[in-house]
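The values are calculated or read from the model by the stated rules, or taken from the named source; none is laboratory data. Keep in mind that this is a model prediction, so the values were computed, not measured. All Cβ positions, even for glycine, are placed from backbone atoms using ideal geometry, and neighbour counts span all protein chains on display.
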Amino acid sequence: MRHIISVLLENESGALARLVGLFAQRGYNIDSLNVAPTDDPTLSRLTLVTHGNDQVIEQISKQLHKLIEVVKVSDISEAAHIERELMLVKVKANGNQREEVKRCADIFRGQIIDVTPTTYTIQLVGTGDKLDAFIQALGATPILEVVRSGASGIARGEKTLAL
Amino acid sequence: MTSQTKPDDKSAATTKAPEMLSGAAMVIRALADEGVEYLYGYPGGAVLHIYDALFQQNKVKHVLVRHEQAATHMADAYARASGKAGVVLVTSGPGATNAVTGIATAYMDSIPMVVLTGQVMSHLIGDDAFQETDMLGISRPICKHNMSVRRPEDIPYLIKKAFHIAQTGRPGPVVLDIPKDMTMPNQKFPYQYPAEINLRSYQPKQQGHAGQIKKAVTALLAAKKPVLYAGGGVIMGQAAEELTELAQLLNLPVTNTLMGLGAYPAGDKQFIGMLGMHGSYEANQSMHHADLILAVGARFDDRVTNNTKKFCPDATIIHIDIDPASISKTVNAHIPIVGLVKPVLTDMLAVLKQKKKKLDSAALQSWWQQIAQWRAVHGGRYDNAAPLLKPQYVIEQVAKITKGDAYVCSDVGQHQMFAAQYYPFNKPNRWINSGGLGTMGFGLPAAMGVKLNYPDADVVCVTGEGSIQMNIQELSTCKQYGLGVKIINLNNGYLGMVKQWQDMNYESRYASSYMDSLPDFVKLAEAYGHVGIRVTKPEELQPALERAFALKDQLVFLDIHVDPKEHVYPMQVPGGAMNEMFLSKTERT
Ligand SMILES: Cc1ncc(C[n+]2csc(CCOP(=O)(O)OP(=O)(O)O)c2C)c(N)n1
Ligand SMILES: [Mg+2]
C-alpha cells in the first residue's frame with residue numbers, strides 16, 4: 001500500500017541525511033521525498049511517499065519518531081488529505097506538433113512556461129496519477145526532459161501538523 | 001539546510017560574570033560538571049588542545065588505553081555496571097575509526113556512552129585533509145545521535161545535550177565531533193554549564209499508559225500458564241527490584257535474556273534460566289507453551305524467538321518497553337505498554353495490590369509441576385567424566401570461589417554461553433557482555449572498565465584464546481593502572497563457536513577455525529608484568545583459582561586448557577519453534 005508520510009524536522013545540518021539513512025539501513029522504500037523549510041525557518045517539512053504493508057509502515061513511523069531531530073510524524077494518507085506534485089516537461093515542438101502539445105497542456109490545465117522555436121516547457125501540478133496521465137497523453141511527442149518534485153501533502157480540514 | 005546548532009535552553013542566569021574558558025578547557029570542565037570521573041582515550045593531533053586542558057586540571061582523570069576500541073569498551077562496561085554514561089576521547093581519522101566497533105557494540109545493547117571525536121579544522125573539512133574522516137557519516141547508523149561543534153561557545157550545551165540524549169529514553173551512544181579550531185587555547189568564551197536540557201523534538205515517555213497497565217494486570221491475573229520474560233531493559237532501567245517483587249507476588253516463572261541475566265536472581269526457585277538459542281530446556285518449553293508472556297525490557301531478538309512464525313503460538317503477549325519501535329517489531333504484542341520499566345512495574349504493582357487478587361492457584365500449581373518435569377529433562381547437565389577439563393566445570397568453580405558475586409565480563413564464543421549458563425547471577429549489572437553485536441575483544445577492556453571503577457570487587461574476564469587476542473595489548477594498560485582483573489582463558493585451541501557450527505552444519509570441515517601458533521599465554525602475561533598460570537589438568541584448577549583470587553590486586557592470567565570437543569547445549573534447531581532443541585550431540589527434542 002502506498003502511504004504519504006509528513007514529517008516536521010529540525011532544520012539542522014545532518015538531520016536530513018539521518019532520515020534518509022534510516023530508510024537505506026532498514027531497507028524501507030522511498031518512492032519520493034520532498035523537503036523545504038517552513039514558515040518557521042527552524043523547521044523543515046518533508047513529504048515522503050513510501051509503500052509497504054501495515055507492519056512496515058508502522059515501523060517506519062516509529063523509527064522516524066526515534067530520530068532525535070524529528071519533531072512530528074503523521075501518515076496523512078490515513079485520513080482525508082490533499083496531495084500535489086509539480087512537474088516540468090520539456091518537449092520537442094515543431095510545426096503542427098506545437099498546436100497539439102498546447103491543446104494537450106490546456107486540457108490538463110498545464111502552462112507553457114518556456115518557449116523556443118523547437119521546444120516547449122510545460123508546467124503541470126496535480127496528483128502523481130494526473131502527471132502520469134499527461135505524459136501518456138503526450139503520445140508521440142518527443143519528451144526531452146521530465147522533472148518532478150515528488151508529492152507534497154497536507155491533511156484536509158482543520159487537522160494540522162504543526163508545533 | 002542551514003547549519004545552526006543554537007542552544008535553545010539556558011540554565012538560570014547567575015549574577016556573577018561567567019568564567020572565560022577556551023573550547024578545550026570547556027570540554028573538560030563540562031565533563032567535570034557532569035560528574036565524570038574517568039575519561040577513556042588516546043591522544044592525537046586533532047585533540048591535543050583538549051589533552052593539554054586535561055593535563056592542567058585534576059578533576060577528570062584520563063585512562064590511556066593501547067587501542068581506541070578498548071577505550072570504548074571500558075566506557076561501555078562502566079556504563080553497564082553503573083548505569084551512568086561512560087566517556088571516550090579519541091582523535092580524528094584512525095582514532096575515530098578505531099572506536100567504531102565499540103560504538104556499535106554499545107548501540108546494539110542500548111548502553112549510554114558519550115564519545116568525543118577530534119576532527120580536522122573546520123575550514124579543512126571536505127578537503128581530504130590529513131586524518132580527516134567523516135565521523136558523523138560513519139557513526140550515523142551505529143549511534144543514538146551524533147552532532148558536531150560549529151561554535152566553541154556551544155560546547156557546554158552540546159556536551160550536556162549529549163549526556164541527556166545518551167542517558168534518557170532508550171539509552172545509547174552519542175558521538176560529538178569536535179573540529180580542532182573549536183578548541184583553540186587562546187580563544188576564550190563565557191562558560192556556563194546548563195542545568196538541564198529540554199528538546200522539543202525529543203521527549204521520551206516515562207510513565208506507562210494507565211489504561212494499558214490495567215488491561216495488562218487483568219490479562220495477567222487471568223493467565224493459567226504465565227511466563228515473565230525479562231531483558232536488558234530491566235538492568236539498564238534499574239528495575240530488578242520491582243521485577244522481582246512482581247514475580248514473587250504472583251509466583252510467576254521468570255526467564256532472563258542474555259542481556260537480562262541478574263534482573264531476577266538466578267538462585268531463586270522461580271528462575272527457570274536463560275531463554276533462546278542457548279537457553280535452558282525449561283525456559284524455552286515454558287515460553288512455547290505459555291498462555292501469557294509478560295515481556296519486560298526485552299526486544300524479541302532473533303536469538304530469542306527462533307522462527308517468529310512458530311513463536312509461542314498460544315500466548316497473549318504483554319510488552320513493556322521504553323522504545324515503541326521495539327514493540328510489535330518482530331512479534332506482535334497484544335497489550336503494548338510504552339514507558340520506563342521501573343515506573344510501569346511500580347504502577348502494575350500498585351494496581352495488583354489494590355485488586356488483592358492472585359492467579360488461579362490450581363492452574364498455576366499444575367503449570368509449575370509441568371515446569372518441574374521440563375527441568376528434570378536437561379537441567380544443565382554436561383559430561384564431566386572425561387580426563388579433560390570441561391569449560392562448564394571451570395565456570396562453576398569460578399562461581400564458587402567468587403561466591404557468585406563477581407562482575408563477570410565476557411568475550412564472545414562458546415565460553416560466553418558457558419558463563420551465561422553456569423554462573424549464577426543474583427544481582428543486576430554483574431554480567432557484562434556484548435549481546436547484540438557479539439564483539440570478540442570486548443571482554444578484557446570491559447573487565448578493565450569495571451575494575452577501575454569498582455576496585456574492591458572481584459572482576460573476572462571470561463574469554464577464549466581467540467577473543468583475548470583481539471585486545472591483548474590492553475595487558476599493558478592493566479599494568480599502568482594496576483587493574484587486578486582475573487582472566488579466565490577457556491583455551492580450547494579453536495574458534496570454538498565457529499567450530500561447533502562447522503561440526504553441526506559442515507561435516508566438521510574446520511575452515512579457519514583452528515588457531516594455529518598460539519602464544520604461550522603464561523609467558524605473555526609475565527612479559528607484560530603480570531602473573532600467568534597454566535592449568536591443563538582438572539586437579540590443577542582449584543589451587544590455581546585459589547592462588548589467583550588470593551593475589552588481590554594483581555592481574556592473573558589463567559590459561560585453562562579445556563576440552564576442545566565440547567559443544568554448547570541446549571541449542572535451538574535453526575528455523576524451528578522456541579522449544580525445538582538439540583540437547584546434546586546425540587539428542588534432539
Ligand atoms: C570481532 C568478531 N569477529 C568474528 C566473530 C565471529 N565469532 C563468533 S564466536 C567466534 C569464535 C571465538 O573463539 P574463542 O574466543 O576462542 O571462543 P570459543 O568459542 O572457543 O570459546 C567467532 C570467530 C565475532 N563474534 N566477533
Ligand atoms: Mg577458543
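Structural remarks
- Residues that are over 35 Å from the mean Cα position of the chain (by Cα) and closer than 21 Å to residue B:155 by Cβ, drawn from the stretch B:123-140: B:123, B:124
- Strands (runs of 3 or more DSSP E) within the stretch A:1-81 that include 3 or more residues more than 12 Å from chain B (Cβ to nearest Cβ): A:2-10, A:32-37, A:43-51
- Only one of B:39, B:31 that is surrounded by 18 or more Cβ atoms within 10 Å (Cβ to Cβ) and not in a helix (DSSP H, G or I): B:39
- Residue tally, condition surrounded by fewer than 24 Cβ atoms within 10 Å (Cβ to Cβ) and either closer than 19 Å to residue B:62 by Cβ or touching a residue at least 60 places away in the same chain (Cβ under 8 Å) (or both), over the stretch B:453-464: 4
- Of all residues in the stretch A:122-144, none that is not assigned by TED's automatic domain parsing to the domain that holds residue A:96 has its Cβ atom under 7 Å from the Cβ atom of a residue that is surrounded by fewer than 16 Cβ atoms within 10 Å (Cβ to Cβ), 6 or more apart or on another chain.
- Some residue of the stretch B:507-515 being touching a Phe, Trp or Tyr at 6+ places or on another chain (Cβ under 7 Å), touching a residue at least 40 places away in the same chain (Cβ under 8 Å) and away from ligand 2 (no atom under 16 Å from the Cβ): no
- One residue from B:170, B:140 being surrounded by fewer than 20 Cβ atoms within 10 Å (Cβ to Cβ) and assigned by TED's automatic domain parsing to the domain that holds residue B:69: B:140
- Residue match in the stretch B:450-461 (condition: more than 14 Å from every other protein chain (Cβ to nearest Cβ), farther than 21 Å from residue B:541 by Cα, within 16 Å of ligand 1 (Cβ to nearest atom) and basic (Lys, Arg)): no
- Among the residues of the stretch B:82-108, the ones that are surrounded by fewer than 24 Cβ atoms within 10 Å (Cβ to Cβ) and not in a helix (DSSP H, G or I) come to 3 in all.
- Qualifying helices (runs of 4 or more DSSP H) (wholly inside the stretch B:463-546; at least 1 residues being away from ligand 1 (no atom under 16 Å from the Cβ)): B:475-481, B:521-527
- Every pair of residues 6+ apart whose Cβ atoms lie under 8 Å, when the first sits in the stretch B:138-159 and is without any contact (Cβ under 8 Å) to a residue 24 or more places away in the chain and within 12 Å of another protein chain (Cβ to nearest Cβ) while the second is part of a helix (DSSP H, G or I) and basic (Lys, Arg): B:140/A:18
- Condition check for residue B:444: in contact (Cβ under 8 Å) with a residue 12 or more places away in the chain, surrounded by 24 or more Cβ atoms within 10 Å (Cβ to Cβ) and near ligand 1 (Cβ under 8 Å from one of its atoms): no
- Which numbered condition residue B:185 fails, given (1) in a helix (DSSP H, G or I); (2) farther than 28 Å from residue A:24 by Cβ: (1)
- Residues of the stretch B:444-456 satisfying the condition of being more than 15 Å from ligand 2 (Cβ to nearest atom) and either over 22 Å from residue B:418 (Cα atoms) or not small (Gly, Ala, Ser) (or both): B:445, B:448, B:449, B:450, B:451, B:452, B:453, B:454, B:455, B:456
- Per-region count, the stretch B:457-484, residues among the β-branched types (Val, Ile, Thr), more than 12 Å from ligand 2 (Cβ to nearest atom) and over 21 Å from residue B:41 (Cα atoms): 2
Rundown of residues vs (1) in contact (Cβ under 8 Å) with a residue 60 or more places away in the chain; (2) hydroxyl-bearing (Ser, Thr, Tyr), yes/no style:
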{"residue": "B:477", "(1), (2)": "yes, yes"}
{"residue": "B:480", "(1), (2)": "yes, no"}
{"residue": "B:483", "(1), (2)": "yes, no"}
{"residue": "B:489", "(1), (2)": "yes, no"}
{"residue": "B:495", "(1), (2)": "yes, no"}
{"residue": "B:517", "(1), (2)": "no, yes"}
{"residue": "B:520", "(1), (2)": "no, no"}
{"residue": "B:538", "(1), (2)": "yes, no"}
{"residue": "B:547", "(1), (2)": "no, no"}
